[in-house]
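A short write-up of the structure that comes next.
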Amino acid sequence: MPSFSCVNSPACWLHQKFDLMNNQKVKLLMCPPDQYAIRYVINPWMKLTRPSDPARADRQWKNLFDILTGLNCEIDLIKPEKGLPDMVFTANAGLPVHNRVFLSRFRHKEREAEAKHFRKWFEKQGLNVIEMPPDIFFEGAGDALFVGNTLFAAYRFRSDIRAHSLIAETLGVQVLSLELAKKRYYHLDTCFAPVSSKTVLYYPPAFDRYGQKVIEENIPDPIPVPKNEANRFVCNAIVIGKDIIMHYRCPETVKLLTNRGFRIHETNLSEFIKAGGSAKCLTLQI
Ligand code: ARG
């Protein structure tokens, strides 16, 4: 497992940013759901016989947008492209760190073409785009999340473990690799949610025994979530300082977070759960 010291590294900067979030404007990338639909099946949540309702999806996405702007987030929009229904899940565009971004290389052909559009958008922002070699898959902030200075990164269903060492070497940060154990939890952000530099929500059965140990030994306050709430994508939550936005009706987790001083904003995202995503993966933090 690669381990690097962190002296003035981008991750230290990110850590500061994380802690300062309360006072700073958080910048997010979102993609309006104009092209969103269930057109293919690339994870166990998607079923061609269970289509999303476009009008409802539109309303749910707008409600999420309004909650985020209400929390003073600055939201940039990328144009939805025809034939790329999953582009709405901008968390998979790449992993931005300071002035660089590791561009995603999608595992499935169906999403492959998204990368060139996201690349253009990142370049327009003046970010330095780093590409994965052609044989290394990586699905961005869907599979790589900072907790303090440490990057927790998942592999198996979508991203390759070799992407992790490339990121560790480029940034000089510690990357802890976690193998995902269950197909329903195919991205890290479906089963693991950093809510501060010390506290993380996670669904233990989504990881193998070793992965659970890595989480428990490296995170001061790991909160296991119950199965029924994990299945309601409780870990796919957006964290803006002390405010947490998630799909509705996850009372046990809400209680645990409220006890820790967080404010919870629940919103219905049923139409996006049909594609295997919820609040967090509809956004990318820049
Ligand atoms: N249908 C999309 C896929 O399977 C959903 C992506 C959700 N993104 C995420 N970061 N969890 O790729």
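Candidates 257, 201: the one that is out of contact with any helix residue (DSSP H, G or I) (no Cβ under 7 Å at 6 or more places or on another chain) and not in a loop (DSSP other than H, G, I, E, B) is 257.
For the stretch 225-241, filtering for residues that are farther than 19 Å from residue 277 by Cβ and crowded, with 16+ Cβ neighbours inside 10 Å leaves 1. You will find that of 38, 42, the residue that is within 12 Å of the ligand (Cβ to nearest atom), within 18 Å of the chain's Cα centre (by Cα) and either closer than 16 Å to residue 282 by Cβ or modelled with pLDDT of 95 or more (or both) is 42 and no other. Considering the stretch 260-286, and only residues there that are more than 14 Å from the ligand (Cβ to nearest atom) and not in a loop (DSSP other than H, G, I, E, B), the residue that is surrounded by the fewest Cβ atoms within 10 Å (Cβ to Cβ) turns out to be 263.
Does residue 280 satisfy the condition of being within 18 Å of residue 43 (Cα to Cα), basic (Lys, Arg) and modelled with pLDDT of 95 or more? Taking the combined requirement at face value, the residue satisfies it.
Cβ-Cβ contacts under 8 Å between residues 6 or more apart (or on different chains), taken from a first residue in the stretch 167-186 that is at pLDDT below 95 to a second residue that is among the hydrophobic types (A, V, I, L, M, F, W, C) and more than 16 Å from the ligand (Cβ to nearest atom), are absent. Please determine whether any residue of the stretch 109-124 is closer than 25 Å to residue 247 by Cα and either outside any helix (DSSP H, G or I) or among the aliphatic types (A, V, I, L, M) (or both). The answer is no, given that none of the residues of the stretch 109-124 is closer than 25 Å to residue 247 by Cα and either outside any helix (DSSP H, G or I) or among the aliphatic types (A, V, I, L, M) (or both). For the stretch 54-62, the criterion of being within 30 Å of residue 221 (Cα to Cα), part of a helix (DSSP H, G or I) and within 16 Å of the ligand (Cβ to nearest atom) is satisfied by no residue at all.
The values are calculated or read from the model by the stated rules, or taken from the named source; none is laboratory data. Just so you know, these numbers come straight off a predicted model, no measurement behind them. Glycine also receives a Cβ, built like all others from the backbone with ideal geometry; neighbour counts cover every protein chain displayed.
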